[in-house]
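Worksheet for the structure shown next.
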Amino acid sequence: AQASTTVWQPAYSDYSPQWAFGYGLGYSSITYSNVTVSSRKMAADLPVTVRVMATNTGPYQQKETAMLFTKQDYRFNQAPENLRLRKFAKVDIPIGASIEIVFELSVDDLAYWDKDLEWRFDADEVTILINPYTETDLLAKVKVLAD
């Protein structure tokens, strides 16, 4: 018989990883700026385009992964959504260059299976975050409209 194992970690743990999620181990330095959304409203037939500038301020060319997360404070009969990765893009950024990264975000990207196993989205404010686990996190807010 296999011995049982108990793993315990308190909620107040001071655990701090050496590198945050999505940190990457590149040798250059990338800064993000100017996050914009095409509209402050999103609907089933109205996706939004999210644009952000990534600038290589370091001494080397860098392959960078830009990550778009969403956060939604209200969800019907569900726990609020903290951070969920929705889109990502891997881009090559030469030394000293700035590259515009474009994401297309639709209501389908925000949908989820509810407790009744129905595919749904909630009409409420959604916060869009670019690389939230880094020191250069950026955000924008959009309102999701009902059908």
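The values are calculated or read from the model by the stated rules, or taken from the named source; none is laboratory data. Bear in mind that the values here come from a model prediction, so they are computed numbers and not experimental data. Cβ sites come from the backbone with ideal geometry, for glycine too, and all protein chains shown count toward neighbours. Just so you know, the surface numbers come from the protein's heavy atoms only, side chains and all, with ligands and any DNA or RNA stripped out. Shrake-Rupley method; radii C 1.70, N 1.55, O 1.52, S 1.80 Å.
Other residues within the sphere of radius under 10 Å centred on the Cβ of Asp109, judged by their own Cβ, net out at +1 (K and R +1, D and E -1). Within the assembled protein chains, the solvent-accessible surface assigned to Met67 is about 10 Å², based on a 1.4 Å probe. Quote the FRET efficiency, to the nearest 0.05, computed for Arg75 versus Ala97 with a Förster distance R0 of 41 Å and r equal to the Cβ-Cβ distance. The value I calculate is 0.55. Estimated from the Cβ-Cβ distance and a Förster radius of 25 angstrom, the FRET efficiency linking Arg84 and Thr57 is about 0.30. Local charge for Thr36 was computed over the other residues whose Cβ lies under 13 Å away, with Lys and Arg +1 and Asp and Glu -1, and equals +2. Accessible surface ranking for Arg51, Arg75, 1.4 angstrom probe, highest first: Arg51, Arg75. You can think of it this way: the chain between Asp114 and Thr49 has 20.8 nm of extra reach, that is 0.36 nm per residue less the Cα-Cα gap. Accessible area of Leu46 (1.4 Å probe, protein heavy atoms only, ligands and nucleic acids ignored): about 80 Å².
Rolled with a 1.4 Å probe across the full set of protein chains, the surface gives Asp92 an accessible area near 70 Å².
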